[in-house]
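Student: Pasting in a structure now, in structure tokens, and then I'll have a few things to ask.
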């Protein structure tokens, strides 16, 4: 059996695989490690429809001459999903009040919504708050989606532009215990909110930088960055816990002496790793 991935022949040695399902399961596991997902496949030159998949998976490999697999990167799929979501917002904004309720019920059952729920759960919650609860305006949701698209398309540029965000929130973190002690609760809450948002953004973009080849080959420095990220996640939980308990002394220690310098160090460590990526081959991905 000849196997091609994105129209390129691949040398795969079949051992215990007996069915097409066995082969595709192995291929999907392999491509997922490089940040791709299977989007379509052809058997003996014929496209396999969604309704046919269950029967095709049982097909014996001895009956198959050619298996053509097409993939897209998770980045590509996510970007297209976000672009589609912008179109969903356009449609939503044109509806009457009664029509908007029906819109959400249909949207929530779509493949689009399922992808967002599985890949971008925090954005899915915002969509729910826009499409049914009304807590988040469609304009706010649109601006968040635009930001996420920039992170996918231009991760290095978006990361470098985030330096001022890091600097500003570190200043606010140093002032956080004083804000709490002087009764500036609203400002303190806003600082915690911004701090969480900036941290999430840095980690999101780091993931894209890694997937898209902006950080070069994996080495000991990457392990150190991942260690910093894990430690920082724990620190974030401790800070939020201290804030909920109104422990101003612990908040002060964590914010000024740990959160601020560690965020600065993490940002700089990632920034120092960014390079211009080699051709990733993503242009070859996609359907037939």
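Student: Any residue that is under 21 Å from residue 63 (Cβ atoms), outside the structural domain of residue 80 (by TED's automatic domain parsing), out of contact with any helix residue (DSSP H, G or I) (no Cβ under 7 Å at 6 or more places or on another chain) and in a strand (DSSP E or B) - is there at least one of those in segment 6-13?
Tutor: Our first condition is that a residue be under 21 Å from residue 63 (Cβ atoms); within segment 6-13, this holds for 9-10, 12-13.
The next check asks that each one be outside the structural domain of residue 80 (by TED's automatic domain parsing); those that pass are 9-10, 12-13.
Okay, now just the ones that are also out of contact with any helix residue (DSSP H, G or I) (no Cβ under 7 Å at 6 or more places or on another chain), so 9-10, 12-13.
When the remaining residues are screened for being in a strand (DSSP E or B), the result is 9.
Among the residues of segment 6-13, at least one is under 21 Å from residue 63 (Cβ atoms), outside the structural domain of residue 80 (by TED's automatic domain parsing), out of contact with any helix residue (DSSP H, G or I) (no Cβ under 7 Å at 6 or more places or on another chain) and in a strand (DSSP E or B), which makes the answer yes.
Student: Here's something else I'd like to know. Starting from segment 247-271, take each residue that is within 12 Å of residue 225 (Cα to Cα) and in the same structural domain as residue 214 (by TED's automatic domain parsing) and list its partners that are modelled with pLDDT of 90 or more and not in a helix (DSSP H, G or I), counting only C-beta distances under 9 angstrom and pairs at least six apart or across chains.
Tutor: Every condition considered, the pairs that remain are 267/162.
Student: A further question on this structure: Criterion first (more than 28 Å from residue 272 (Cβ to Cβ) and at pLDDT below 90) does residue 247 satisfy it?
Tutor: It is true that residue 247 is more than 28 Å from residue 272 (Cβ to Cβ) and at pLDDT below 90.
Student: Please work out which residue is nearest to residue 74 (Cα to Cα), limiting yourself to segment 213-230 and to residues that are at pLDDT 85 or above and in contact with a helix residue (DSSP H, G or I) (Cβ under 7 Å, 6 or more places away or on another chain).
Tutor: Residue satisfying both the conditions and the ranking: 214.
Student: Output the number of residues of segment 168-185 satisfying the condition of being under 30 Å from the mean Cα position of the chain (by Cα) and either exposed (fewer than 14 other Cβ atoms within 10 Å of the Cβ) or outside the structural domain of residue 263 (by TED's automatic domain parsing) (or both).
Tutor: 2
Student: What number of residues in segment 19-74 are part of a strand (DSSP E or B), more than 24 Å from the chain's Cα centre (by Cα) and without any contact (Cβ under 8 Å) to a residue 60 or more places away in the chain?
Tutor: 5
The values are calculated or read from the model by the stated rules, or taken from the named source; none is laboratory data. These numbers were taken from a predicted model, which means no experiment stands behind them. Cβ sites come from the backbone with ideal geometry, for glycine too, and all protein chains shown count toward neighbours.
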